[in-house]
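We did not get these values from a lab; they are worked out from the coordinates using the rules stated. None of these values were measured; they are calculated from a predicted model. No Cβ is skipped: glycine too gets one built from the backbone with ideal geometry, and neighbour counts run over all protein chains shown.
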Amino acid sequence: MITSILKEYSPTALNQVTTWFKAAKTSKFPKNGGACVKYKNKQIAVFNFTREGKWYACQNLCPHKMEMVLSRGMIGEDMGTPKVACPLHKNTFSLETGENLNGTLDAIATYPVKIEDGFVYIGFSE
Amino acid sequence: MKTVIVVGNGMVGYKFCEKFVAKETNKDFKLIVFGDEPRPAYDRVHLSEFFENKDAKALEMAPAEWYIKNNIELYTNERIADINRQEKTITTAKNRDFTYDYLVLATGSAAFVPPIKGVEKEGVFVYRTIEDLEGMLAYAAKLKSTKSNAKAAVLGGGLLGLEAGKAVMDMGLEPHIVEFAPKLMPRQLDSRSSQVLQLKLESIGLHIHLGKATNQILGDKVITGMEFGEDDVLDVDMLIISAGIRPRDELGKACGLEIGVRGGIVVNNKMQTSDENIYAIGEIALYNQMIYGLVAPGYEMATVAVDQIIGNTNNIMSKSIDMSTKLKLIGVDVASFGDPFMPATKGHSVIFENKTQHLYKRINVSLDGKKLLGGILVGDATDYSMLHQIYLNGMPIPSDPSQLILPAGDGTASFGSAMDLPDTAVVCSCEAVTKGQVCCSVKDDGNETVKDVAKATKATTGCGGCKPMVTDLVNETLKSLGKVVKERICEHFDYSRQELYDIVKMKNIKDYDELLDTHGKGNGCEVCKPLAASLFASIFNETANKQDTIQDSNDRYLANIQRNGTYSVVPRVAGGEISPKQMIAMGRIAQKYDLYTKITGGQRIDMFGAKLHELPLIWEELIAEGFETGQAYGKSLRTVKSCVGSTWCRYGMDESVSFAIEIENRYKGIRSPHKFKGGVSGCIRECAEARGKDFGFIAVEGGWNIYICGNGGATPKHAVLLAEKVDKKTAITYVDRFLMYYIQTAQPLMRTAAWLDKLEGGIDYVKDVVINDCLGIVDQLDKDMQHLVDTYKCEWKEAVETPEIRAKYTHFVNSTEEDENIEFVALRDQKMPAPWV
């Protein structure tokens, strides 16, 4: 059951977006940290990277052990690339491309984010 | 393929193997090694350390796997019974035959047991192998349980005898040294230096009896005393014989090799015996009519034998052998080099003696005043390395030679620097490493620490006496290359943890972004963020709630994340003392939230399987029942483990539980470079395993012994003694200072044992800092620690009472639903996460 969840998530580029999902108020997301958004049967980790003045979204599922935990990970930067570190085993993933920066795990799916009227929107292509 | 058989797996036998596998031509040879002890070769020079840490593994020269990796067949516990020189075979005590092309005898020596009446009595030991030591320990423990003031004597006041004397002190028995000669260490020291040493040893509690010939050992079956003359008797409960060594040359004798008049197998300068296919090295080899009981000549013999066997026949043994030695006996420096006892016809002696400080220095200078011929140092041997080098290299000496040993006006080193030595100077005599090799290892091979240089050159890995000099050489060479060695936290901060600690403290910076803006670059990462969080906590006692997104994720949610993303909850149970009422409360709460419960290794209760949104609910109930956070998630004090102590235990010397509770409550909440744990035992039976902790107290007659820097985990380490028999208040003060000093100076994620390992000067330096205040910082350390103790807050109480903090305990930010992916399966009467695939 668990591995099949992985199929739920596919990387989405800005020009593929067909739906902007209104997730929650920006104030619900901690500065320089993340929180998890539920969209249909998906779990999306959203990060408020205040220091960069940017927002990122990716699957909440860590592809290493298939646990829904990435939103609780710490964010940071690796030679200019914004990243999130999984709280379970500190595997790090690029928040831009989703690639695993310190290992050979599969990339995670990332999603576009936009902010309008104090709300966070996540872009999906379905 | 030719077969080389090595008989004997001691230090020299091991060195032979090590040198052998390092040769490229070794593929043409098969190496088989026999040892009659149950374990592979260990460091006999540091045998007395076994009494401090009881760790045979730490003394190992190389683990059994090393032999496998290098294709060496090692047979331990198998003595060789016979050599057949005609057939070129050996037969083992297990009656197995092996054929050799070359045979290397390295059977070493056995303790010499003088033919005194009664030496077979129970309680008489020799001091030679780890098994001897284990036997002694067991016997001493038995003695102490039946007698409060048991005495043990050591027969022999030489180098090994005094080492054994230290062992007796460490075992907690009253130590006596009995020597036949009229002075201690008769082979190394002159009379005056021997007296200085005696004064010093007596001042630390050793009883010394000189000029005593032992007639017989008294007692029925068990030793009760030693008789010297008719009315001259010493009552003792145990005797350790350390009266010299005797080469174990029986094998050579039996197969007809040439043997010296007083034992030892005669060898030439190729280390060959009278049979050209049989070599002898180490303490059984009689070279120049002498047996050499030191490590360095033994190692040189091993090297020569290896070269001879593989065909580098040019390498022969030096004509004269340097018997210089430096050691620390019972904490007293003793060294002698060159010719320590020079007759007045050959030169002049310059002597400095100060009995009030237990100091003695003597140097012997040639008649023309130009050369150093030898000398003796007792009490302070810091000049040894330099003096030894001047002697070995025939370096010029000042016109007033007293400058070599008298302290200079400012109290610093008196003469010369290691860099003045010629490149050919041998700085590490055990491994024959020259100054040039050490410096090249830094300059050309890019090794920048003493550790790396030691790995590459093997310098300092023998007796370790050359470590200060090698350290100087490495540092000076680095300096000459214009290099500053620097620890750097990560790409965002160009500082070491200690530097950042000072910056945060001095500039009073309390915010991570401010720290990054003013002293770092970029946007931070998972290395520097928790490190900064740890500094804010250690300096300002800020809880993990304030800047929660720079915390490690366990700290961010004040709980330990588990396999399926649920958390565990651990309330503090100080000292492991818990009332029935508290247990019922905990049980009720665990049952209500369907948590898996288990007793932890730190004597408290862990409750697993809490979902994120349940954490504040569970804690609200726990706090209402009087519990507080156990900080099991933090790099902070975990627990102080205790045994039940004198309140209940019939052996207890003091109240270990009360002390453990007091100390756990004192240090709770303090965050540090890594987690730290404590233990308190009520007596030396040590049921709390305090010596496996970062700090430990053990109750003894007359106070508490303090141990620091131990841990279990991946690299177990026994804690080492910081102070003995101190009262509780002093014990707390010392540990306060030690912890604060560790917190301020350790690298990130470095536990106390690793910190001590890296600390220049080791435990002696820690003592100097926290007890003798050599840095003048103890007032500040005391103040810093008191500040942390005074400002403790339960961060879970803070979290449940503050709505903004509580708000983060929800799986979804836009829904109150739970994470549907969390799955549990049954486990005995409880549950566990569904296993990972």
| said: Quick check: from the Cα gyration tensor, does region B:686-739 come out rounded (a/c under 1.5), prolate or oblate? | reply: oblate
| Cβ crowding within 10 Å averaged over residues, with B:720-732, B:514-526 ranked highest first | B:514-526, B:720-732
| message | Working only with C-alpha atoms, what are the Rg and Dmax values of region B:1-145, expressed in angstrom? | response | 17.7, 58
| remark: Expressed in nanometres to one decimal, the distance between label points 7 Å along Cα→Cβ at B:GLN591 and B:ALA56 is 5.0 nm
| note | Among the Cα-Cα pairs of the protein assembly as shown, the proportion with separation greater than 51 Å, in percent, is 34 percent
| Considering the alpha-carbon set of region B:124-243 alone, what are its Rg and its Dmax in angstrom? | 13.8, 41
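Taking R0 as 60 Å, what FRET efficiency do you get between B:THR647 and B:ASN269 from their Cβ-Cβ distance, rounded to the nearest 0.05?
Values: r = 69 Å, r/R0 = 1.16.
Taking R0 as 60 Å, the efficiency between B:THR647 and B:ASN269 is 0.30.
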| note | Residue-ordered couplings for region B:140-148, obtained by feeding phi - 60° into the Karplus form 6.51 cos²θ - 1.76 cosθ + 1.60 and rounding to whole Hz (Gly and Pro as x), are 4, 5, 5, 4, 5, 6, 10, 9, 8
| remark: Quick note on A:TRP55, B:TRP796, A:TRP20, ordering by fewest other C-beta atoms within 10 Å, gives A:TRP20, A:TRP55, B:TRP796
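Considering every residue in B:547-554, what mean count of other chain Cβ atoms within 10 Å of its Cβ is obtained? Kindly include the intermediate steps, with their values, before the conclusion.
Values: counts 3, 4, 10, 4, 2, 4, 10, 2.
Partner-chain Cβ atoms within 10 Å, mean over residues of B:547-554: 5.
Net charge near B:ARG362: determine it from the other residues with C-beta under 10 Å of the C-beta of B:ARG362, scoring Lys and Arg +1 and Asp and Glu -1. Don't jump to the answer; show the numbers that get you there.
On the way: positive: B:ARG192, B:LYS361; negative: B:ASP190, B:GLU353.
Neighbour charge sum, excluding B:ARG362 itself: 0.
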| remark: Karplus-derived 3J(HN,Hα) from phi for region B:307-317 (6.51 cos²θ - 1.76 cosθ + 1.60, θ = phi - 60°), whole Hz, x at Gly and Pro, runs 4, 4, 5, 8, x, 7, 6, 6, 7, 10, 5
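Determine the percent antiparallel among the DSSP beta bridges restricted to region B:636-806, to the nearest 5.
So the antiparallel bridges amount to about 60 percent of the total.
Show me A:87-95, B:426-434 ranked by packing, highest mean number of other Cβ atoms within 10 Å first. Mind showing how you got there, number by number?
Values: A:87-95: 20.7, B:426-434: 22.7.
So the order, starting with the most tightly packed, is B:426-434, A:87-95.
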| message | In region B:422-447, whose amide N lies under 18 Å from the spot 7 Å out along Cα-to-Cβ of B:SER318? List them in ranges. | response | B:422-438
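Report, as a whole number in µm² per second, the diffusion coefficient that Stokes-Einstein gives for region B:537-666 at 4 °C and 1.567 mPa s using the Kirkwood radius over alpha carbon pairs.
82 µm²/s
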| field | Derived scalar couplings ³J(HN,Hα) [region B:118-132; Karplus, 6.51 cos²θ - 1.76 cosθ + 1.60; whole Hz; x for Gly, Pro] | value | x, 5, 7, 5, 5, x, 9, 10, 10, 10, 8, 10, 4, 5, 4
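Only helical DSSP H runs with n ≥ 4 go in: add -39500 (n - 2.57) per run for chain A, normalise by residue count and round the 222 nm mean residue ellipticity to 500 deg cm²/dmol.
Numbers: 1 runs with 4 residues, N = 126.
Value at 222 nm, helices only: -500 deg cm²/dmol.
Taking N as the number of residues in region A:2-124, what is its Cα Rg relative to 2.2 N^0.38 Å? It would help to have the intermediate numbers written out before the result.
Numbers: Rg = 13.2 Å, N = 123, 2.2 N^0.38 = 13.7 Å.
The reported ratio for this selection is 0.96.
Want the number for B:GLU724 to B:GLN289: 0.36 nm per residue separation, take away the alpha-carbon distance, what's left? Before the final figure, lay out each step's value.
Values: separation 435, 0.36 × 435 = 156.60 nm, distance 4.69 nm.
Between B:GLU724 and B:GLN289, full extension yields 151.9 nm more.
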| field | Relative packing of peptides B:529-539, B:283-293, B:443-453 - highest average C-beta neighbours within 10 Å first | value | B:529-539, B:283-293, B:443-453
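Only Lys, Arg, Asp and Glu count, each charged at its Cβ (+1, +1, -1, -1), so figure out the dipole size of chain B about its Cα centre, rounded to 20 debye. All intermediate terms of the calculation are to be shown ahead of the outcome.
Numbers: 97 positive and 113 negative charges, 162 e Å.
Rounded to the nearest 20 debye, it is 780 debye.
Which value at 222 nm does chain B reach when only helices count, each DSSP H run of 4 or more adding -39,500 (n - 2.57), with the total divided by all residues and rounded to the nearest 500 deg cm²/dmol?
Values: 26 runs with 258 residues, N = 837.
The helix contribution divided over chain B gives -9000 deg cm²/dmol.
Peptide A:83-89: average number of partner chain Cβ atoms within 10 Å per residue?
Values: counts 3, 1, 6, 3, 8, 6, 0.
Partner Cβ neighbours, averaged per residue: 4.
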| field | Straight-distance crosslink candidates among lysines, where the alpha carbon sits under 24 Å from B:LYS355 and sequence neighbours closer than 8 are dropped | value | B:LYS166, B:LYS183, B:LYS200, B:LYS326, B:LYS328
| Given a Förster radius of 60 Å and the C-beta distance between B:SER148 and B:ALA624 as r, what FRET efficiency does 1/(1 + (r/R0)^6) yield to the nearest 0.05? | 0.75
| said: Cut-off under 17 Å on the C-alpha distance; same-chain residues fewer than 8 positions from B:LYS581 excluded. Which lysines are left, in chain and number order? | reply: B:LYS592
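Within the protein assembly as shown, what percent of beta bridges assigned by DSSP are antiparallel, to the nearest 5? Each step should come with its number before you reach the end.
Numbers: 109 of 153 bridges.
Once the DSSP bridges in the protein assembly as shown are tallied, antiparallel ones form about 70 percent.
If you take each beta carbon of peptide A:54-62 and count the beta carbons of other chains within 10 angstrom, what is the mean? Can you show the working numbers first?
Values: counts 0, 0, 0, 0, 0, 0, 5, 1, 1.
For this peptide, the per-residue mean of nearby foreign Cβ atoms is 1.
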| request: List every residue whose amide H lies under 5 Å from the amide H of A:TYR39, counting only residues 5 or more places away in sequence or on a different chain, with H placed 1.01 Å from N in the peptide plane. | output: A:ILE44
| message | Checking the a/c ratio against 1.5 first, then a/b against b/c, what shape does the Cα gyration tensor give for region A:17-77? | response | oblate
| task | Name all residues of region B:122-163 having a backbone nitrogen under 16 Å from the label point set 7 Å from the Cα of B:ARG685 along its Cα→Cβ direction, giving them as ranges. | result | B:141-147
| remark: Length gained if B:LYS221 through B:ALA834 is fully extended, taking 0.36 nm per residue and subtracting the Cα-Cα distance, is 214.3 nm
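To one decimal place, what orientation-averaged projected area in nm² is obtained for the convex hull of the Cα set of region B:636-806? Numbers along the way, then the final one.
Values: hull surface 44.1 nm².
Orientation-averaged projected area of the Cα hull: 11.0 nm².
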| query | Long-range amide H contacts for B:THR3: which residues qualify at under 5 Å (H placed 1.01 Å from N, peptide plane, sequence gap of 5 or more or a different chain)? | reply | B:LYS30, B:ASP101, B:TYR102
| query | Simple spin-label model, 7 Å along Cα-to-Cβ: B:GLU353 to B:LYS598 in nm? | reply | 6.7 nm
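For B:THR382, B:THR461, which order do you get if you count the other beta carbons within 10 Å of each Cβ and list the fewest first? Walk me through the intermediate numbers first.
Values: B:THR382 13, B:THR461 17.
In order of increasing Cβ crowding within 10 Å: B:THR382, B:THR461.
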| said: Please list, ordered by chain and number, the residues whose modelled amide H lies under 5 Å from the amide H of B:SER636; skip anything fewer than 5 residues away on the same chain. | reply: B:SER672, B:LYS675, B:PHE676
| Pairs beyond 21 Å (Cα-Cα), from B:LYS117/B:LYS253; B:LYS346/B:LYS371; A:LYS38/B:LYS611; B:LYS121/B:LYS253; B:LYS151/B:LYS767; B:LYS546/B:LYS668 | B:LYS117/B:LYS253; B:LYS121/B:LYS253; B:LYS151/B:LYS767
| field | Projected label distance in nm at B:LYS27 and B:VAL233, using a 7 Å step from Cα toward the beta-carbon | value | 7.1 nm
| said: I'd like the distance separating the alpha-carbon centroids of region B:689-751 and region B:552-583, in whole Å. | reply: 25 Å
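Estimate the FRET efficiency between B:SER191 and B:LYS758 by the formula 1/(1 + (r/R0)^6), using the beta-carbon distance for r and 60 Å for R0, to the nearest 0.05.
Numbers: r = 42 Å, r/R0 = 0.70.
The computed FRET efficiency comes out at 0.90.
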| query | For region B:289-432, what percent of Cα pairs sit more than 19 Å apart? | reply | 57 percent
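Subtracting the Cα-Cα distance from 0.36 nm times the residue separation, let me have the gained length for B:GLU174 to B:ASN84 in nm, one decimal.
Details: separation 90, 0.36 × 90 = 32.40 nm, distance 4.94 nm.
Answer, rounded to one decimal: 27.5 nm.
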| note | Along the dipole axis of chain A (charges at Cβ: +1 for Lys and Arg, -1 for Asp and Glu; origin at the Cα centre), the most positive-end residue among A:ALA109, A:THR12, A:LEU70 is A:LEU70
| field | 10 Å-binned pair-distance histogram of chain B (Cα, whole percent) | value | 2, 11, 17, 21, 19, 15, 9, 4, 1, 0
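What does the charge add up to near A:GLU126, with Lys and Arg as +1, Asp and Glu as -1, over the other residues with Cβ less than 15 Å from its Cβ? Display every interim value, and only then the final one.
Numbers: positive: A:LYS7, A:LYS40, A:LYS42; negative: A:GLU8.
Computed value for this residue: +2.
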